[in-house]
Amino acid sequence: MLILHDPATLDFIRSRVRRLTPDATRLWGKMTVDQMLWHVNQAMEQPLGRIRFKRTIKYVPRSVIKVLLLNVKWPKGARTQPEIFAGGLRHSFEDEHCRLLTLIDEFTSRPLDGPWPVSDTLGKMSGRDWSRLEAKHLDHHLRQFSL
């Protein structure tokens with residue numbers, strides 16, 4: 001089980017992020033590398049308490065969604081929250097790249113056993129849950145761009 005707070009996982013994720021280039025080619029999906037960076041940056045803002053998501057999956061208990069997101073491999077092209085859907089907008093690769101490295105540092109400087117925001121989609125989340133979710137999300141999108 002990967003968690004972003006694990007030093008080996010953190011170093012591996014950071015090194016993969018640093019190897020991203022503006023001309024990185026995606027293996028699946030529609031996002032360009034700058035859109036992917038914006039997307040993962042927006043996602044990291046939620047556990048830092050700066051963005052809220054609407055609950056988009058109705059009729060399925062949050063606990064079920066949480067178990068699936070934390071434990072099942074995500075399919076290529078999986079749906080995402082509307083608030084972090086990149087759409088056709090383009091972003092500065094350099095700005096988003098730098099922002100991601102900063103957000104990773106900010107996120108991992110928070111103690112796992114400290115207070116963490118409730119997820120609008122998944123409900124109560126521990127620091128370990130958030131760390132696992134963010135590691136999984138980053139890994140998913142870095143694999144999307146061959147890293």
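The values are calculated or read from the model by the stated rules, or taken from the named source; none is laboratory data. Note that the structure is predicted; figures quoted are calculated from it, not measured. We place every Cβ from the backbone using ideal geometry, glycine too, and count neighbours over all the protein chains shown.
Quick rundown of the values:
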{"read-out": "Restricting the range 43-54 to residues that are surrounded by 21 or more Cβ atoms within 10 Å (Cβ to Cβ) and part of a helix (DSSP H, G or I), the residue that is modelled with the lowest pLDDT", "value": "A43"}
{"read-out": "Unique match (being of a type in the set (V, I, T), at pLDDT below 95, in contact with a Lys or Arg (Cβ under 6 Å, 6 or more places away or on another chain) and farther than 17 Å from A8 by Cα) among V118, V72", "value": "V118"}
{"read-out": "Among the residues listed as S92, S63, the single one being surrounded by 12 or more Cβ atoms within 10 Å (Cβ to Cβ), of a type in the set (S, T, N, Q) and touching a residue at least 12 places away in the same chain (Cβ under 8 Å)", "value": "S92"}
{"read-out": "Residue check, A78 outside any helix (DSSP H, G or I), small (G, A, S) and surrounded by 11 or more Cβ atoms within 10 Å (Cβ to Cβ)", "value": "no"}
{"read-out": "Test: G49 is of a type outside the set (D, E, K, R) and either out of contact with any helix residue (DSSP H, G or I) (no Cβ under 9 Å at 6 or more places or on another chain) or more than 24 Å from L89 (Cβ to Cβ) (or both)", "value": "yes"}
{"read-out": "Hey, A8 more than 15 Å from the chain's Cα centre (by Cα), small (G, A, S) and over 20 Å from T108 (Cα atoms) or not", "value": "no"}
{"read-out": "Where F12 falls short, out of the listed (1) assigned to a loop (DSSP other than H, G, I, E, B); (2) over 23 Å from D120 (Cα atoms)", "value": "(1)"}
{"read-out": "Residue within the range 105-115 that is modelled with pLDDT under 85, farther than 24 Å from R26 by Cα and part of a loop (DSSP other than H, G, I, E, B) present", "value": "no"}
{"read-out": "Given (1) closer than 24 Å to S146 by Cα; (2) assigned to a helix (DSSP H, G or I); (3) in contact with an Asp or Glu (Cβ under 9 Å, 6 or more places away or on another chain), index of the condition H91 fails", "value": "(2)"}
{"read-out": "Enumeration of residues in the range 121-147 that are under 15 Å from R14 (Cβ atoms) and either in contact with a His (Cβ under 8 Å, 6 or more places away or on another chain) or loosely packed, with under 14 Cβ neighbours inside 10 Å (or both)", "value": "S131, H141"}
{"read-out": "Flag for M1 being out of contact with any Pro (no Cβ under 9 Å at 6 or more places or on another chain), within 17 Å of R79 (Cα to Cα) and part of a loop (DSSP other than H, G, I, E, B)", "value": "no"}
{"read-out": "Yes/no for P61 being at pLDDT below 85, over 19 Å from G123 (Cβ atoms) and not acidic (D, E)", "value": "no"}
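Matching residues to (1) in contact (Cβ under 8 Å) with a residue 24 or more places away in the chain; (2) aliphatic (A, V, I, L, M); (3) surrounded by 17 or more Cβ atoms within 10 Å (Cβ to Cβ):
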{"site": "L4", "(1), (2), (3)": "yes, yes, yes"}
{"site": "A8", "(1), (2), (3)": "no, yes, no"}
{"site": "A24", "(1), (2), (3)": "yes, yes, yes"}
{"site": "T32", "(1), (2), (3)": "yes, no, yes"}
{"site": "Y59", "(1), (2), (3)": "no, no, no"}
{"site": "V67", "(1), (2), (3)": "no, yes, no"}
{"site": "I84", "(1), (2), (3)": "yes, yes, yes"}
